[in-house]
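Worksheet: the structure to be examined is printed underneath.
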Amino acid sequence: MSLRSTYFAASVALLSLLAPISTLAQVAAPSAAWEPAPASDGNNATVAGSRSQWENTFGDTLWFYDAQRSGVLPDDFRVTWRNDSVLTDGESVGLDLSGGFFDAGNMVKFIHPLSWVLTQIAHSALLHGDAYTTAEQEYYLDSTLRNGLGWIMNASSQTDELYVAIGNESSYWGGDQGIPQPRQIFSVSRQKPGTDVFAGSAAALAAGAMIYAGTPLPLSQTQNGTVPTGLLDTAYATELRERAVVLMDLATTAEPQQVYQDATDGVAWAYPSTNYEDELVLGAAFTALATRNISLVTTAIDAYDFGSFPTNNGVLNWDTKDPLLPSLMARLSVAMPGADSRANFTKFQTDSEVYLDLLVNGTMQGLSTTSGGLAWWKDYSEDSSLNPALNAALLCLWTANLTSNDTKSTSYLNWAQSQIDYSLGHNPLNTVYQVGLHPNSAYNPQSSLASGGDDIDQIDTDPPVERWVLYGAVVGGPDKDDQYYDVRSDWQQSEPALDTVSPMVGISAYFVNQGSSAAEPYYVGLTAKRIVPKMSSGGLSGGAIAGIVIGVIIALALLGAALWFCLSRRSPLAGRRRRNRKIMQG
């Protein structure tokens, strides 16, 4: 069943506007670049210049996105060990797609997770925009958004086509100047639709448009959020908003409606999408908020009703936005009252509490808690265990102002605090899972850029210590037994990615916005020595160990010694981003 809106007939006229735009930051650069504090400052309540630790945590997260940039880097670029890279990306299709961000520890670029990351960061800045000003991060927010949104604008600048991925599953391991080129490029189109990536990209552009137009999201029924005032740029906001409309037209009218890997081969290895209904709601809701077009509210509600929301299980991540949608629709109903008779705040408030009540009460199907206190979702947390927990924590922070009573609000905030504290040192190993914050921080993230090595067969030992500190990186996290081995070859535990860091951007902004009333990050004053467990079976996580065992059995039984040799050489990088896939509700 396709979802359509008569509003999109007007978008045909907008196709003539498709053109690449500048990705350079427009906010004035600070007189001195903001730099991360040394890890040794992690035990102090403040760092150099009386910067609070939440401001430091916050700034480090945006520093990470600078470290992941591709293309031509600005003259004032602060990550001194990075270089211009992949300058021929897009040449084969007549576009400059060299910019954007490398997805994770490897060098590929995928629009599906990128659009979610940009939407999540923008969402934060539409609720707690003052935090970006307080923490002196407006310039870096602008730079991050323009680089990512600009890449989506360029990738969608040919009529009825969207380029969704660059690079393929390879075993390249090395710095940014040796990346094999030219690189394969993948696209979807009106003739070969990717409903999820059309709508997800529209959401990112529309959310960005709201920031540059100075239009915050409602924080509650009675109070608006704040936006970083320094980013006001109405012309840019118009460009983003108009392109969001075009992409939503493709999402709702191009048939068949389907996930993007059904339209283009070569992308399912990394970020396979489970369905597209959640992206339709996300894209329509944000585009409605950006344009104030009533018919888009109807499109969003139609998609919400068709998708059988709210959900009562699963996780929030790049693939499944389901848990976020009720609170977003509640905010839409506040921002555009009367736009549709079904846009009822109380209904969406109740729907948002369905998921969160089960979450905080520990009664959600498939959800348990490790002995150390980390929320653990069956079939999701085996890969990148901190990501679903931190995304859920951020959702709790964002929804606490929308609840039907104070008891629920308090329970959501308390649950969120437990997961945030766990990630920042309150765990059996006393490990801080954000790199560079504290002497107890994880120190060996799987990052081809930062490692300084170029031999994939010696990924853990060449060099033995990461050459560059990848400040702000949030690693995948521990296994179900709260064990974290800090070895690069175990991508499930040690690989940071654009989407593992974005929830910490929002979390940090929330606490910066609380000012002096916010408790310090847990790692402040953490003096207990970090425990690094001895490696067993190579030190890999349980999921990695199981994968290796199964791989050996299959290889020996079916494929023989030659194929086993090939797979074992690729094992540190193979299948790296098939993480947190949704399970359809029965």
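Figures for the structure shown
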item	result
Which numbered condition THR410 fails, given (1) modelled with pLDDT of 95 or more; (2) in contact with a Phe, Trp or Tyr (Cβ under 6 Å, 6 or more places away or on another chain)	(2)
Qualifying residue in region 48-63 (condition: farther than 22 Å from GLN434 by Cβ, in contact with a Pro (Cβ under 8 Å, 6 or more places away or on another chain) and not hydrophobic (A, V, I, L, M, F, W, C))	no
Every residue from region 82-126 that is under 20 Å from TYR172 (Cβ atoms), out of contact with any helix residue (DSSP H, G or I) (no Cβ under 8 Å at 6 or more places or on another chain) and not small (Gly, Ala, Ser)	ASN83, ASP84, VAL86, LEU87, THR88, ASP89, GLU91, VAL108, PHE110
Checklist (1) β-branched (Val, Ile, Thr); (2) closer than 24 Å to ALA235 by Cβ; (3) not in a helix (DSSP H, G or I) applied to THR144, failing item	(3)
Those residues of region 475-510 which are hydrophobic (A, V, I, L, M, F, W, C) and surrounded by fewer than 24 Cβ atoms within 10 Å (Cβ to Cβ), in sequence order	VAL487
Filter pass, GLY472 being closer than 27 Å to LEU356 by Cα, surrounded by 24 or more Cβ atoms within 10 Å (Cβ to Cβ) and at pLDDT 95 or above	no
Residues (of a type in the set (A, V, I, L, M, F, W, C), buried (at least 19 other Cβ atoms within 10 Å of the Cβ) and assigned to a loop (DSSP other than H, G, I, E, B)) located in region 95-135	LEU97, PHE102, ALA104, MET107, VAL108, ALA135
Residue ID - nearest to GLN181 (Cα to Cα), chosen from residues in region 73-86 that are surrounded by 15 or more Cβ atoms within 10 Å (Cβ to Cβ), in contact (Cβ under 8 Å) with a residue 24 or more places away in the chain and not polar (S, T, N, Q)	VAL86
All positions within region 206-242 that are more than 23 Å from the chain's Cα centre (by Cα), among the β-branched types (Val, Ile, Thr) and modelled with pLDDT of 95 or more	THR222, THR234, THR238
Count of region 182-205 residues which are under 16 Å from the mean Cα position of the chain (by Cα) and among the polar types (S, T, N, Q)	1
Search result, residues across region 389-426 that are surrounded by fewer than 24 Cβ atoms within 10 Å (Cβ to Cβ) and not in a helix (DSSP H, G or I)	THR403, SER404, ASN405, HIS426
Tally, over region 300-309, of residues that are buried (at least 20 other Cβ atoms within 10 Å of the Cβ) and under 25 Å from the mean Cα position of the chain (by Cα)	5
Whichever residue in region 512-553 is charged (D, E, K, R) and modelled with pLDDT of 90 or more and, among such residues, is nearest to TYR132 (Cα to Cα)	GLU520
Some residue of region 197-214 being in contact with a Leu (Cβ under 6 Å, 6 or more places away or on another chain), surrounded by fewer than 20 Cβ atoms within 10 Å (Cβ to Cβ) and more than 11 Å from LEU247 (Cα to Cα)	yes
Any hit, region 312-332, residues being among the basic types (Lys, Arg), surrounded by 24 or more Cβ atoms within 10 Å (Cβ to Cβ) and either over 19 Å from the mean Cα position of the chain (by Cα) or in a helix (DSSP H, G or I) (or both)	yes
Among residues of region 54-94, those that are of a type in the set (S, T, N, Q) and assigned to a helix (DSSP H, G or I), counted	4
Matching residues, region 427-465, being among the β-branched types (Val, Ile, Thr) and part of a loop (DSSP other than H, G, I, E, B)	THR431, VAL435, ILE459, THR461, VAL465
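The values are calculated or read from the model by the stated rules, or taken from the named source; none is laboratory data. Here the structure is a predicted model, which means the values were calculated and not measured. Glycine also receives a Cβ, built like all others from the backbone with ideal geometry; neighbour counts cover every protein chain displayed.
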